[in-house]
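Okay, structure first, notes after.
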Amino acid sequence: MMRLNPRYVQRGAVFVLGGATVLTLLILIFIIFFILEKGLPVLTLNFLTGNPEDLGRKGGIFPAIIGSIILPLLAILIATPLGIFTSVYLSEYTRESKLTRLIRFGTDCLAGIPSIIFGLFGYIFFVITLEMGWSILSGALTLAVMILPTIIRTSEEAIRAVPKTYREVSFSLGATGWQTVKKVILPNALPGIVTGIMLSIGRSIGETAAVIFTAGSSLRLPTSIFDSTRTMAVHFYILAREGISQENAYGTAATLIIAVLLVNLTAYWLMNRFIAKRRS
Amino acid sequence: MTTEKNKIEISGLDLYYGKFHALQSVSMPVQKNLITALIGPSGCGKSTLLRCLNRMNDLISGVKVTGKVLLDQSDIYSPTFEVTELRKRVGMVFQRPNPFPLSIYDNVVYGLKVAGMNNRKKMEEIAEKSLMGAWLWDNVKDKLHHSALELPLDQQQRLCVARLLAIEPEVILMDEPCSALDPIATMKIEELMLELKKNYTIVIVTHNMQQAARVSDFTGYMLLGKMIEFNVTKDIFTRPKEKLTEEYISGKYG
């Protein structure tokens, strides 16, 4: 076979790699632009703060915004400590064995299960069996179960990436395992852990299937965690699916995208501040 | 060689990494306020032996230790010996400078904090004393709250010594503490060791035979997990009893 000139291969590689990057960015920008172009005209203060009227044909999306804040927030509050504790236990307190490999394989499988399966599970377990009904609590618990594997795996990777010497030094200075985890491992793994949490926030804000079966789709403003609610994603789905209002569907989608951007920016800002504070 | 002066007494120590017999019936005394050096080619078990003295090998899975290591006559491998307590008494300086990614001050007081101290004034005093003890105070006194990672390597290593001095250990283990440093920085650490031995008992592992000859009082020569010869440093380097030792120090292998 003819041997290709390495210089041309190099040029080709740069072209392919760069092309893939540019294409990815273009698609992303196109989606955001498309949604914002259709949605921004609808976005007014009344749309954001008003109650929906006539099933969402008119009025605003305020209850759905509240639903989209409270559900992921509650889910993160439940899943984050559980996930971090589990990953610390797996990486620091157990030795590599068949059992830990099995647990890791299990969490990987769980992370790949379609969210509608979690929705059905949440419906059968939380809504029916535990008699929580269609409620914020059922929805948040279902979301928590859904994002738990992601938080466990990303936290575990972040913890494993903390240099082994930090652990050695800490132990050699008379620290216990827990002191080492608290003072050395978690602070150094934090950026990775936060990344996992951010991925999870994004996933739960955008989640529809797992939520519609468990938190329901009530348009009223919830007054407690036992009330049903509707998230922006569900609202968008119902508006579009049932042909209620295309304009308001895109308005909701635009709000959702802006919200996700804001969440990510805030998280990055907080994390950078934490790192700067620790280093100084 | 069992005398009152022995700070540490190792006898019949065997260590297995899984099936690999890494230390084979090693015995050695460590005398108080002296420097004991361990030399030998790579893989001879000198670092493993050093890490038995503060039970750092416990962190590796599949390690089994039998035999005795007595610290002031009590067995550090007995189930009643608290391992965190042991590590406060027997501290370690590692091969590569390894400050935490924290400020210089926070590095020095780490051991105090995990020991439960929270008196800020007292910690500042100890930090100053420890940094002075490691000959670092003049270099860092104006930037205690800067990141430790900004320091040059040799100052980082002396910071690691200061971090150790802060918890007032009785024994300092040094695992090739100069292997990442240039000759001038190495000389400084060696001078520091000679100063430290007034108050501390030191065990050093080194690749560098001249270093052992320069700083140590006793030297143990190890090969393939066995202690081949242990004697006064001068004798090891001028009239070794074992042929293997002689061949090693004259550079025939290793």
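The values are calculated or read from the model by the stated rules, or taken from the named source; none is laboratory data. Every value quoted in this text rests on a predicted model; they were computed, and no experiment measured them. In this analysis, Cβ positions are derived from the backbone assuming ideal geometry, glycine residues included, and neighbour counts consider all displayed protein chains.
A few notes on this one:
- Identity of the residue in segment B:30-63, more than 14 Å from chain A (Cβ to nearest Cβ) and surrounded by fewer than 20 Cβ atoms within 10 Å (Cβ to Cβ), that ends up nearest to B:Thr233 (Cα to Cα): B:Leu34
- Selection status of A:Ser91, of a type in the set (S, T, N, Q) and crowded, with 17+ Cβ neighbours inside 10 Å: yes
- The residue list A:Ile201, A:Ile185, A:Ile197, A:Ile225 contains one member that is assigned by TED's automatic domain parsing to the domain that holds A:Ala253, touching a Gly at 6+ places or on another chain (Cβ under 9 Å) and β-branched (Val, Ile, Thr), which is A:Ile197.
- The criterion of at least 1 residues that are of a type in the set (S, T, N, Q) is met, among helices (runs of 4 or more DSSP H) falling completely within segment A:186-280, by A:186-206, A:246-279.
- In segment B:65-80, of all residues being within 27 Å of B:Lys19 (Cβ to Cβ) and not in a strand (DSSP E or B), the one that is farthest from the chain's Cα centre (by Cα) corresponds to B:Pro79.
- If the condition is being closer than 27 Å to A:Val88 by Cα and of a type in the set (Ser, Thr, Tyr), then segment A:181-218 contributes A:Thr195, A:Ser200, A:Ser204.
- Selection count where residues are surrounded by fewer than 18 Cβ atoms within 10 Å (Cβ to Cβ), at pLDDT 90 or above and either away from chain B (no Cβ under 14 Å) or touching a Cys at 6+ places or on another chain (Cβ under 9 Å) (or both), scope segment A:156-200: 2
- Residues that are of a type in the set (Val, Ile, Thr) and under 15 Å from A:Thr208 (Cα atoms), drawn from segment A:230-259: A:Thr231, A:Val234, A:Ile238, A:Thr252, A:Ile257
- Filter pass, A:Ser68 being in the same structural domain as A:His235 (by TED's automatic domain parsing), modelled with pLDDT of 95 or more and either out of contact with any Cys (no Cβ under 9 Å at 6 or more places or on another chain) or not aliphatic (A, V, I, L, M) (or both): no
- Any hit, segment B:154-164, residues being in contact (Cβ under 8 Å) with a residue 60 or more places away in the chain and surrounded by fewer than 21 Cβ atoms within 10 Å (Cβ to Cβ): no
- Restricting B:Gly111, B:Gly133, B:Gly116 to those that are free of Cβ contacts under 8 Å to residues at least 24 places away in the same chain and among the small types (Gly, Ala, Ser) reduces the list to B:Gly116.
- The residue that is surrounded by the most Cβ atoms within 10 Å (Cβ to Cβ), counting only those in segment B:106-116 that are out of contact with any helix residue (DSSP H, G or I) (no Cβ under 6 Å at 6 or more places or on another chain) and more than 7 Å from chain A (Cβ to nearest Cβ), is B:Asp106.
- Within segment B:163-190, being of a type in the set (D, E, K, R) and modelled with pLDDT of 90 or more holds for B:Arg163, B:Glu168, B:Glu170, B:Asp175, B:Glu176, B:Glu190.
- Taken together, the criteria exclude B:Leu131 from residues that are in a loop (DSSP other than H, G, I, E, B) and at negative phi.
- Scanning segment B:237-246 for residues being part of a helix (DSSP H, G or I) and surrounded by 14 or more Cβ atoms within 10 Å (Cβ to Cβ) gives a total of 4.
- Hits in segment B:215-236 - residues which are more than 19 Å from B:Glu176 (Cα to Cα) and assigned to a helix (DSSP H, G or I): B:Lys234, B:Asp235, B:Ile236
- Counted residues, segment B:138-163 - those being farther than 15 Å from B:Phe94 by Cβ and of a type in the set (Gly, Ala, Ser): 1
- Selected residue [touching a strand residue (DSSP E or B) at 6+ places or on another chain (Cβ under 9 Å) and of a type in the set (A, V, I, L, M)] from A:Ile76, A:Ile61: A:Ile61
- Filtered by the rule that a residue be surrounded by 16 or more Cβ atoms within 10 Å (Cβ to Cβ) and touching a Ser or Thr at 6+ places or on another chain (Cβ under 7 Å), segment B:14-29 gives B:Leu15, B:Ala22, B:Leu23.
- Of note, B:Pro183 does not satisfy the criterion of being within 13 Å of chain A (Cβ to nearest Cβ) and closer than 25 Å to B:Gly40 by Cβ.
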